[in-house]
């Protein structure tokens, strides 16, 4: 074919569905495809998607078990002859799995059968997912044991931050996973006129602070915690506009609660915004990104916020907060609406400190995907060379 590496990325959900892990894989594949032959092995979605619009090859598993109680299905690669045939003939030099389920397992089997190196990225706090799905500690423990068997079969495991690495060590990883940070494709936005137009669009006055949340509108992301905290700020006559960007299963409940609190003039639900430059404007306009999620292991949005020198406030002890140094390049509050509100108010009492933390958020936390994937590629090379010496 040529001297380029043949890289296989394996994932159990993919476009047209969109989530953080899918965006990580897409950004890896886009950049790696400039220097490698990249194939993404993924399931078909519930809705059509034109893979020809992507700058890399996608091999879909069409056999699946429909799960009506979830928003995705269980792919069955072992029953898909065409999928198995293409995978068998793919001549991969390295397998990188991004999930420990059926397609991820197919990647593990291929790597072992073909004697090539195998890397896994640990994206999620699976214990929370399993407990929420099964309501059983026993079943959760069994499921964790199964996925750790997959991860421990890999030559190298990567975690998206230091805290997630520790979480997987607790799950039963044979050694502490290596931290491999994610990135963003956003670049600093510097058109003040556009920001002014955006403020005018939402009737944001000069004396109002702008707070932002971007993501799925679901209870999992603590969106109601945010609103409860802002209610306290409103009662203290703190002037602000809050923008929720996104859609989700709890959107209507959030709208109802905003009405109940009589905060229709303070809180705006913008709906889904997909344009990357447009998203940059929202981050740039915001004074503070609110991310009190206890569910996320790591999130691209906090890196996106840093791209526009917008600091983020987290809850103490969460995996997402592990990327920041408190009062240096971000903020951390205790897990209570009272303390979250109190912390937000305190942030803007010291404008000089706020300015320094905003600058440090950009300097310390902003990573462009070009640099993140370049580092990953260099690590691929090291893993391949190490593997060759051992075999």
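Computed from the coordinates by the stated procedures, all read-outs in this text should not be read as laboratory data. Quantities reported herein were computed from a predicted structural model and do not represent experimental measurements. Here the Cβ is made from the backbone with ideal geometry for all residues, glycine too, and neighbour counts use every protein chain on show.
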Suppose only helical runs count, i.e. DSSP H with n ≥ 4. What mean residue ellipticity at 222 nm does that imply for the chain under -39500 (n - 2.57) per run, divided by all residues and rounded to the nearest 500 deg cm²/dmol? -12500 deg cm²/dmol
Order by neighbour count: 325, 53, fewest other Cβ atoms within 10 Å first, most last. 53, 325
What residue among 125, 236, 302 shows peak mean-square fluctuation when the chain is described by a Gaussian network model with Cα springs under 10 Å? 236
Can you bin the stretch 192-365 into rounded, prolate or oblate? Criterion: square roots of the alpha carbon gyration tensor eigenvalues sorted a ≥ b ≥ c, rounded for a/c under 1.5, prolate for a/b above b/c, oblate for the rest. rounded
Fewest-first ranking of 370, 190, 80, using other Cβ atoms within 10 Å as the exposure measure: 190, 370, 80
Could you line up 267, 18, 108 from fewest to most neighbouring Cβ atoms inside 10 Å? 18, 108, 267
Residue 262-residue 385 pseudo-label distance in nm [points 7 Å out on the Cα-to-Cβ vector]: 6.8 nm
In the Gaussian network model of the chain, springs joining C-alpha atoms below 10 Å, which of 348, 340, 211 carries the largest mean-square fluctuation? 348
Taking a crude spin-label model, label points 7 Å out from Cα along the C-beta direction, the residue 145 to residue 35 distance in nm is 4.2 nm
